[in-house]
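Scroll down for the structure; my scribbles are underneath it.
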Amino acid sequence: MRKTNIRRLTTKYFMLLITVMLVTMTTLFLIIQYSISRENAKKNLSYTCKSISESIDLHINQLDTVLLNAINSGDLTSSLLEYSSCQYSDHEHHQQRIHLSSVLVSLKGFEYTVRQLNAYSTNDLGYGVGEYIGPLSGYTNEEWYQKALSANGRRYMPPVSDSSGDLVIYRSYFNSYHQPIGIIESRMHYSDVFRAAINCTSTYDYTVIVYDQNGEILYPATCDITSNLFDYWKHRLIGSGTIRNTVKAQNEYVTYYNTGHSNLTVTLSIPAYKFVAQILYSNSGVVLVFILVLFLGILLAFYMARTLSDPITYIYSFLSSCDGETQEQLEMEPTGILEIDQLANSINQYIADSKEKTQTILTLNEQEMQAQMLALQSQMNPHFLYNSLASISEMAREGLTDSIITMSENIASILRYISSNREQSTTIEEELELCDMYLSCMKLRFSDALHYQFDVEDEMLDFMIPKLCVQLLVENSIKSVTTQASPWNIRVYGYTDADNWYIEVQDNGPGFDPLVDQSLRRQMDDILKTKTLPSLKIQGMGLLNIFIRFYLMDGVPFIFDFGNNPNGGAFVKVGRRKEDSYDTH
């Protein structure tokens, strides 16, 4: 076998390694970047579709709001009925027309985009204000009039044939016997309603079509449609995706959005090849960058192969001599090569971190045991046992056998639960059962002076929580409320959102003293900042104990808050992420 020196061998394999790695990284990066760019492009199109939809919905809502205000105006109803009546003289009719005009003007208000507001009676007499101000007649045989009446009070919005015209909305309204007494019409210029669809700019050459709730095309207007349009309406249930446009014989990416108030469907479509081409074009620079990096990497391979051999050999020898417990640092002069120096620094940092983590683990284990003992001692409150025994003695004198049995069983269950330290956490359901037994004992002791309730979502019952935490919060609330006159109210409230669950204990006690509040928050901030647990005391440190138990169990990502309610009393809220709240043992 022909022998070669290490530099030549290192150069050959280093060049091959760089080439393979860069080509692989380029391919993977492009695949990932293409996927990300595609999703971003979809989101941008969806956001554009949503923006157009919201703009259209806003303008239609303005028109409809003017109609609804007019329908609910008793002054307009009476004025229109008097105006359309034939029993008045010409002078009186003129005065009624003036009054009706002022009512319509006040209803139109400052909505300058609403070009016209017309009121039609069933007597073929109406009146309008806006760009045209004057009487209206001869409309009862019009198609829109019959359709507006048949809508039975619902909004009727006919398609627009000309983009230079107006978008019109009609609503009929009724008297107290639900008999139609007229129609209200509001108008807005077509280009104002669909301005977002007309003027919106994008890097994509997309097509916007707006359908009403019956699938009729509202945008573009009929006169603007130069060819048959593909029926996107029938594919609306897909939400967003690729469909086959049989009219243009091409695949298109389509996204839909349904407006909230006006119940319209806005479609945004783009040819699939343009959609993909834009994504590829946005990533073309990545290919050029990686080609350049590959070329430079091959050039640098000659130089790096010469300088890598000795320091890598030295590092390998050092690592080979490590027995896993050494605390010695890697002593090596800087090579001037970032990767090797960083590797040496990383090794030294790893050794230092390992030493620190080992010490931290020992400290945390010690603090965890201390926190468990403090929580255990805090729960086995002699006052609770003394008062419970005194209550049992008093109930025995009064012959309340059932109450004595209930309290004795609850106390036994509580002590059994407290003394069992096999697990550091438990389910919320078991914790609430303990709280219920504890509050039952307090209820037997304080009778009608104490009221409590549990309001916890069923979804939360199987989530894990540090043991005795909720019971400590309830006990703190009992201690707080009993310092003032009854009645005393305790509420355990549990709820969830998309990512987290929360348990909140509320009471109607005197709340937190500001100095105590500041002290607790300062200590909790110190724990999070320094990652060092204080030497705890049993008395007066219930909240801090619970905070530390969550910290030991979860690290930083947990929820802990407390304070005073605006209406009096205090609350303490704890929580975790849902995905971290299941028992993995």
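The values are calculated or read from the model by the stated rules, or taken from the named source; none is laboratory data. None of the values given here were measured: they were computed from a predicted structure. Please note: Cβ atoms are built from the backbone with ideal geometry, for glycine as well, and neighbour counts cover all protein chains shown. Heads up: the accessible areas ignore ligands, DNA and RNA and are worked out on the full protein's heavy atoms, side chains in. Shrake-Rupley method; radii C 1.70, N 1.55, O 1.52, S 1.80 Å.
A few notes on this one:
- Value of relative contact order over segment 439-539, rounded to a whole percent, pairs C-alpha under 8 Å and six or more apart: 25
- Take Phe512: with every protein chain present and a 1.4 Å probe, its accessible area is about 40 Å².
- Dipole of the chain, positive end: most advanced residue of Gly511, Leu136, Tyr34 [Cβ charges, Cα centre]: Tyr34
- Counting only lysines at least 8 places from Lys573 when in the same chain, those with an alpha carbon closer than 29 Å to its own are Lys443, Lys467, Lys479, Lys529, Lys531, Lys537.
- Net charge dipole size for segment 1-134 [Lys, Arg +1 and Asp, Glu -1 on Cβ; Debye, nearest 20]: 2720
- Free of any trypsin sites (Lys or Arg not before Pro) that DSSP assigns to a loop and that have at most 13 other C-beta atoms within 10 Å, the longest stretch within the chain is 155-421.
- Positive minus negative residues near Tyr493 (Lys, Arg vs Asp, Glu; Cβ under 10 Å): -1
- Neighbour net charge for Ile71 - beta-carbon separation under 13 angstrom, K R +1, D E -1: 0
- Among the GluC sites (Glu not before Pro) found in segment 176-264, those both in a DSSP coil and sparsely packed, with 15 or fewer other Cβ atoms within 10 Å of their Cβ, are Glu216.
- Which of Leu415, Leu63, Ser480, positive extreme of dipole for the chain (C-beta unit charges): Leu63
- Accessible area expressed per residue, the chain, with surrounding protein chains retained (probe 1.4 Å, Å²): 56
- Calculated FRET efficiency for the pair Glu459/Ile181, C-beta based, R₀ 60 Å, to 0.05: 0.70
- Dipole magnitude for segment 478-528: computed about the Cα centre from +1 point charges on Lys and Arg Cβ and -1 point charges on Asp and Glu Cβ, it is near 260 debye.
- Reach of Lys12 by Cα under 20 Å, taken over lysines that are not fewer than 8 positions away in the same chain: Lys3
- Under 20 Å from the Cα of Lys43 - lysines, other chains or at least 8 residues apart: Lys274
- Added length on full extension, which subtracts the Cα-Cα distance from 0.36 nm per residue, Arg521 to Thr27: 172.8 nm
- Filtered GluC sites (Glu not before Pro), segment 98-142: DSSP coil and at most 13 other beta carbons within 10 Å: Glu131, Glu142
- Over 26 Å between alpha carbons, listed pairs Lys42/Lys234; Lys147/Lys248; Lys42/Lys248: Lys147/Lys248
- Debye, to nearest 20: dipole size of the chain, +1 on Lys, Arg Cβ, -1 on Asp, Glu Cβ: 2000
- Using heavy atoms of the protein chains and a probe of 1.4 Å, the accessible area assigned to Asp353 is about 50 Å².
- For segment 100-153, averaging the sequence separation of C-alpha pairs within contact (under 8 Å, six or more residues apart) and dividing by the residue count gives a relative contact order of 25 percent.
- Ordered from highest to lowest accessible area with the whole protein assembly present and a 1.4 Å probe, Phe446, Phe302, Phe562, Phe110 read as Phe110, Phe302, Phe446, Phe562.
- Placed amide H near Glu457: partners under 5 Å, 5+ positions off or other chain: Gly494, Tyr495
- Value of relative contact order over the chain, rounded to a whole percent, pairs C-alpha under 8 Å and six or more apart: 10
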